[in-house]
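Student: One structure follows; several queries about it will come next.
What follows is calculated from the coordinates using simple rules that are stated; it is not laboratory data. Keep in mind that this is a model prediction, so the values were computed, not measured. Reconstructed Cβ throughout: ideal geometry from the backbone, glycine too, with neighbour counts over all protein chains shown.
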Amino acid sequence: MSRRNNQDRVSTPVPDASPPPPAVEQQDNTFSFVVPTEFVELPSGGSFYPEDHPLHGKTSIEIKHMTAKEEDILTSESLLRKGIAIERLLQSLMVDKGIKLDDLLVGDKNALIVGARITGYGADYRTSVSCPSCRAAQEAEFDLLELETSKCDPPEGVERSAEDTFFVALPHSGATVELQLLTGHEERQYLSNNTRKRKKKLRESSTTDLLKLLILSVDGYDDMESINNLLEVLPVRDSVHIRRVYEQISPDVDLNQDFECQSCGYEGSIGVPLNADFFWPGR
């Protein structure tokens, strides 16, 4: 609202001696468009994050719909070569810039990936898959809106601590290991180690590398030497048990959907492949 002076309140206005300024036609060429946002449900429900974390106690995370800016990220040859295009995309889409992708639990990050794909290219996802039975390659179509989330469901005998870690008694060796839920930081570290070993043609050790990230302590000893000593003699049955327990305690997106093979008639479930087609349909 403009402010009125004393002259505005008298019955006879006093003319201004100075000529009025020339009329200037102002034109706003700015295209005003508000990018819509969506709330993506977090499989963790905000659990497992410390009290000072932006997602502590939060059940969802707000992301923007993809725009041409995000497509530039996806097509950046530099980011693709470095393998960080998806990470940069997700960081760009998060409305709360105080949330760091590396601090997200892996399951919450997966939910974010699926949500971003839906806002950008829709829920219908057609890609090539291999039949689990006959290995025949064929086209399959998935509805990403049908994906469900799996919550933390510790099996009998697994104890959750006040620090949101899990104590697991191993069935064969009898040792008790303490497990943690992995974040984007540990996942990136795991994938980076695997890539480095392949490039240098070193012996791959993906199973033990994963277990080193999952296990925080062995029978109360939290030093790396004790953990390495366990892994040197860990029976396969115990290794499998740890990974099965982790699947049950880790909140995540259930990527499995019904599948029927057109070649051999196999009917079952198959995991939605998060390959290059996921964000680059038709490439």
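Student: How far apart, in nanometres, would the label points at S269 and D153 be if each is projected 7 angstrom from Cα along the Cα-to-Cβ direction?
Tutor: Taking the simple label geometry, S269 and D153 are separated by 0.9 nm.
Student: While we're on this one: Give me the number: length gained by fully extending T75 to R160, i.e. 0.36 nm times residue separation minus the C-alpha to C-alpha distance, one decimal in nm.
Tutor: 26.3 nm
Student: Taking θ as phi - 60°, what are the ³J(HN,Hα) couplings along segment 239-251 by the Karplus curve (6.51, -1.76, 1.60), each to the nearest whole Hz, with x for Gly and Pro?
Tutor: 4, 5, 4, 4, 5, 5, 4, 4, 4, 7, 8, 8, x
Student: What residues qualify as long-range amide H neighbours of A123, i.e. H under 5 Å apart, gap of 5 or more or another chain, H built at 1.01 Å from N?
Tutor: Close amide H contacts, sequence-distant or interchain: none at all.
Student: Helix 224-233 sits at what angle to the longest principal axis of the chain, using alpha carbons and giving 0 to 90 degrees rounded to 10?
Tutor: Roughly 50 degrees between the two axes.
Student: Taking square-rooted eigenvalues a ≥ b ≥ c of the alpha carbon gyration tensor, is segment 31-184 rounded, prolate or oblate, where a/c under 1.5 means rounded and, failing that, a/b exceeding b/c means prolate?
Tutor: Verdict is oblate for segment 31-184.
Student: Here's something else I'd like to know. Ratio of Rg to Rh for segment 197-283, alpha carbon only, Kirkwood?
Tutor: Value, to two decimals: 1.10.
Student: Right, something else. Restricting attention to segment 195-236, which trypsin sites (Lys or Arg not before Pro) occupy a DSSP loop and are surrounded by at most 14 other Cβ atoms within 10 Å?
Tutor: Answer in residue order: K200, K201, R203.
Student: Enter the Cα centre distance for the pair segment 205-224 and segment 124-194, rounded to the nearest angstrom.
Tutor: If we compute the Cα centre of each part, the gap is 17 Å.
Student: I've got another one for you. In whole Hz, with x marking every Gly and Pro, tabulate ³J(HN,Hα) for segment 262-272 from phi via Karplus 6.51 cos²θ - 1.76 cosθ + 1.60, θ = phi - 60°.
Tutor: Coupling constants for segment 262-272: 7, 9, 10, x, 4, 10, x, 10, 9, x, 5 Hz.
Student: Longest span of the chain, sites excluded, free of chymotrypsin sites (Phe, Trp or Tyr not before Pro) in DSSP loop with at most 11 other C-beta atoms within 10 Å?
Tutor: By the stated rule (loop sites, at most 11 other Cβ atoms within 10 Å), 34-283.
Student: Name the residue, out of H56, H65, H172, whose mean-square fluctuation peaks in a Gaussian network model built on the chain with Cα pairs under 10 Å.
Tutor: Sorting by GNM fluctuation, first place goes to H172.
Student: Check the cysteines of the chain one by one and keep only those with no other cysteine Cβ under 4.7 Å from their own.
Tutor: Those would be C152, since no other cysteine Cβ in the chain comes under 4.7 Å of theirs.
Student: Here's something else I'd like to know. About its Cα centre, what dipole magnitude does the chain give when the only charges are +1 on Lys and Arg Cβ and -1 on Asp and Glu Cβ, stated in debye to the nearest 20?
Tutor: Dipole about the Cα centre, nearest 20: 1180 debye.
Student: Right, here's the next one. Restrict the search to segment 65-173; then list the GluC sites (Glu not before Pro) that DSSP places in a loop and that have at most 11 other Cβ atoms within 10 Å of their Cβ.
Tutor: E156, E163
Student: Translational D (Stokes-Einstein, µm²/s) of the chain at 4 °C and 1.567 mPa s when Rh comes from the Kirkwood sum over C-alpha pairs?
Tutor: 56
Student: DSSP loop GluC sites (Glu not before Pro) in segment 189-283 with at most 14 other Cβ atoms within 10 Å of their Cβ, which ones?
Tutor: E204
Student: Related question: With runs of 4+ DSSP H residues as the only contributors, calculate the mean residue ellipticity of the chain at 222 nm using -39,500 (n - 2.57) per run, divided by the residue total and rounded to the nearest 500.
Tutor: The helix contribution divided over the chain gives -9500 deg cm²/dmol.
Student: Using Cα-Cα distances under 8 Å and only pairs 6 or more residues apart, what relative contact order does the chain have, in percent?
Tutor: 17
Student: Another question about this same structure. Reported to two decimal places, what Rg/Rh ratio describes segment 159-250 when computed on Cα atoms with Rh from the Kirkwood expression?
Tutor: Ratio value, two decimals: 0.97.
Student: Provide the FRET efficiency to the nearest 0.05 for the E146-H56 pair, computing r from the beta carbons and using R0 = 25 Å.
Tutor: About 0.25, to the nearest 0.05.
Student: Take the Cβ-Cβ distance between R88 and V35 as r, set R0 to 22 Å, and report the resulting FRET efficiency rounded to the nearest 0.05.
Tutor: 0.80
Student: Then there's this: Is there a pair in K58/K100; K69/K97; K151/K199 whose C-alpha atoms are over 25 Å apart, and which pairs would that be?
Tutor: K151/K199
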